[in-house]
Structures are given as structure tokens and as C-alpha cells.
Amino acid sequence: MEMNGLDKLSYVLVVIGGLNWGLIGFFEYSLVDKIFSEGLARVIYGAVGVAALWMLLKMFMMMGDTKDSKKINR
């Protein structure tokens, strides 16, 4: 399955979210909050959440494709 633009954007947003959570966990420092205003930071956090849901959906779709391809090869 090839990555389209939405997949790539989702990947980048989830990586940004993961790195930010790592900074919060280890250093109690939120880079997103420091760089952006409160309103824009909330939008970014929302976009990261939607991106994570999209990637979760894609993961389940890929798992379904794998099961179907195994049936075809038998």
C-alpha cells in the first residue's frame, strides 16, 4: 500500500506528537505550547489526534489486506 499525501501528513503529525509527549514525560516541557499560542496549540493537538486515528484506521486496513492476500495465495 503506497502512502498518499494524507498518510505522509498524518505520519509527520504523529511523530511531532510523540516527540512532544516525550519532552513532557522526561522534562515537563511542551515544545508545542512554547512555540504556538494556546489556541493554535489546541488546533495542533487536535490535528495530531485525528492523524493518530487515521493511522490506526490505515493499520487495520493493512491488516485486512494481509489476511485477504493469504487467502488468495492458498
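The values are calculated or read from the model by the stated rules, or taken from the named source; none is laboratory data. Computed from a predicted model, the values in this text were never measured in an experiment. Ligands, DNA and RNA are excluded from the accessible area calculation, which covers all protein heavy atoms including side chains. Shrake-Rupley method; radii C 1.70, N 1.55, O 1.52, S 1.80 Å.
Which value, in Å², gives the accessible area per residue of the range 1-71 when a 1.4 Å probe is used on the protein heavy atoms?
Each residue of the range 1-71 exposes 79 Å² on average to a 1.4 Å probe.
I'd like the carbon and sulfur percentage of the solvent accessible area for the chain, probe radius 1.4 Å, heavy atoms only, ligands and nucleic acids excluded. Present the calculation step by step, with values, prior to reporting the outcome.
Values: 4180 of 6070 Å².
Answer for the chain: carbon and sulfur cover 69 percent of the accessible area.
Could you tell me the relative contact order of the chain? Use alpha-carbon pairs under 8 Å, at least six residues apart, and round to a whole percent. List each step's numbers first, then the result.
Numbers: 31 pairs, mean separation 29.7, N = 74.
Relative CO of the chain lands at 40 percent.
Based on the alpha-carbon gyration tensor of the chain, what equivalent-ellipsoid semi-axes (square roots of 5 times the eigenvalues) come out, in whole Å, largest first? The partial results should precede the final answer.
On the way: eigenvalues 224, 33, 14 Å².
Those come to 33, 13, 8 Å.
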